[in-house]
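J.: One structure coming up, written as structure tokens, with questions to follow.
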Amino acid sequence: MDQPYLFTSQRLGFRTWHPTDLELFAEMNADRETMQFFQKALNQTESQAMMDRMNKLYQDRGYCYFAVEILETSEFLGMIGLGWKTFEATFTPCVDIGWRISKNFWNKGYTTEGATRCLEYAKELGIKEVFSLASAKNLASLRVMQKIGMNYAYDFEHLDLVEHPRLQPCSLYKIAF
């Protein structure tokens, strides 16, 4: 079945969210290892709400954390894309880049490839600056930020994570076009 991708990279297809994504997305969001650097694992209802928010963000702004598939097999990889952050911080509101992929696809270069393509997409949209943030303990995500050409800005205490000290501090990276 041909998927209507919004854009592709060498191995990945990026699209909006379909109802058929829920089962695999919820399974990924419920996995403790995948979610170790987030406040908590998400249940199916929370995963559906996130898919709905992403489709609305795409309608409103032309970008979101996209559903991503492997082109060769049409397997659901996870999400990689652009978000709109408005929590209280010196750098918000801002466009950010983020990802969450199924652990069976970790360490294969998919996140770096997909994030690189999403930065190109941001440039195509005329976005001038993109940020990324993660727990300073999330070394894999910080490495991706570095590999895609983002520069370390500073560490900060994320006000939305006050109840989750294990995730503090967060590291902020940015890139300007």
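The values are calculated or read from the model by the stated rules, or taken from the named source; none is laboratory data. Since the structure is predicted, the reported quantities are computational estimates derived from the model, not experimental observations. Positions of Cβ are backbone-derived with ideal geometry, glycine not excepted, and every protein chain shown enters the neighbour counts. For accessibility, only protein heavy atoms count, side chains too; no ligands or nucleic acids. Shrake-Rupley method; radii C 1.70, N 1.55, O 1.52, S 1.80 Å.
J.: Which trypsin sites (Lys or Arg not before Pro) in segment 68-177 sit in a loop by DSSP (not H, G, I, E or B) and have at most 11 other Cβ atoms within 10 Å of their own Cβ? Walk me through the numbers on the way to the answer.
T.: Working: sites: Lys85, Arg100, Lys103, Lys108, Arg117, Lys123, Lys128, Lys137, Arg143, Lys147, Arg166, Lys174; in loops: Lys108, Lys128, Lys137.
When the trypsin sites (Lys or Arg not before Pro) of segment 68-177 are filtered for loop state and at most 11 Cβ neighbours within 10 Å, Lys128 remain.
J.: Still on this structure, I have one more. Whose amide H sits under 5 Å from the amide H of Phe66, counting only residues 5 or more places off or on another chain, with H placed in the peptide plane?
T.: HN-HN under 5 Å from Phe66: Ile80, Gly81, Leu82.
J.: What value, in deg cm²/dmol to 500, does the helix sum -39500 (n - 2.57) over DSSP H runs of n ≥ 4 give at 222 nm once divided by the residues of the chain?
T.: Values: 4 runs with 51 residues, N = 177.
Value at 222 nm, helices only, nearest 500: -9000 deg cm²/dmol.
J.: Under a 5 Å amide H to amide H cut-off, with H placed in plane at 1.01 Å, what residues pair with Glu75 once short-range neighbours are removed?
T.: Ile70
J.: I'd like the chymotrypsin sites (Phe, Trp or Tyr not before Pro) in segment 78-121 restricted to DSSP loop residues with at most 16 other Cβ atoms within 10 Å, sorted by number. Could the numbers behind the result be given before it?
T.: Values: sites: Trp84, Phe87, Phe91, Trp99, Phe105, Trp106, Tyr110, Tyr121; in loops: Phe87, Phe91, Trp106.
Passing both the DSSP loop test and the Cβ count: Phe87, Phe91, Trp106.
J.: Given H placed on each backbone N at 1.01 Å, which residues far from Cys94 in sequence or on other chains put an amide H within less than 5 Å of it?
T.: HN-HN under 5 Å from Cys94: Lys85.
J.: Holding the Cα-Cα limit at 29 Å, pick out from Lys56/Lys123; Lys40/Lys128; Lys103/Lys128 the pairs that are longer than that.
T.: Working: Lys56/Lys123 21 Å; Lys40/Lys128 32 Å; Lys103/Lys128 32 Å.
Pairs exceeding 29 Å: Lys40/Lys128; Lys103/Lys128.
J.: Let me ask another. Please turn the phi angles of segment 95-103 into ³J(HN,Hα) values with the Karplus equation 6.51 cos²θ - 1.76 cosθ + 1.60 (θ = phi - 60°), one per residue in order, whole Hz, x for glycine and proline.
T.: Result, rounded to whole Hz: 8, 10, 10, x, 7, 7, 10, 4, 5.
J.: Right, another one. Please turn the phi angles of segment 115-128 into ³J(HN,Hα) values with the Karplus equation 6.51 cos²θ - 1.76 cosθ + 1.60 (θ = phi - 60°), one per residue in order, whole Hz, x for glycine and proline.
T.: Each residue of segment 115-128 in turn: 5, 4, 5, 5, 5, 4, 4, 4, 4, 4, 7, x, 6, 8 Hz.
J.: Here's a follow-up. So if a site counts as exposed when it's one of the GluC sites (Glu not before Pro), its DSSP state isn't H, G, I, E or B, and it has at most 10 other Cβ atoms within 10 Å, what's the longest stretch of the chain without one?
T.: Segment 89-162 is the longest.
J.: Where Lys and Arg each count +1 and Asp and Glu each count -1, what net charge lies around Ala67 among other residues with Cβ under 9 Å from its Cβ? Provide the component values of the computation, followed by the final result.
T.: Details: positive: Arg15; negative: Asp21, Glu69.
Net local charge, Ala67 excluded: -1.
J.: Measure off, as a whole percent, the carbon and sulfur share of the 1.4 Å-probe accessible area of segment 12-112, all protein chains present.
T.: Numbers: 2410 of 4980 Å².
In segment 12-112, the share of accessible area belonging to carbon and sulfur is 48 percent.
J.: I've got another one for you. Restricting to Cα pairs below 8 Å that are 6+ residues apart, what does the relative contact order work out to for the chain? Please round to a whole percent.
T.: Details: 298 pairs, mean separation 31.3, N = 177.
Worked out over the chain, it gives 18 percent.
J.: Further question: In nm, to one decimal, how far is the modelled label at Leu139 from the one at Glu33, with both set 7 Å along Cα→Cβ?
T.: 1.7
J.: Calculate one ³J(HN,Hα) per residue across segment 26-38 by plugging θ = phi - 60° into the Karplus curve 6.51 cos²θ - 1.76 cosθ + 1.60, and present them in order as whole Hz with x for glycine and proline.
T.: 5, 4, 5, 5, 8, 6, 4, 5, 4, 9, 4, 9, 10
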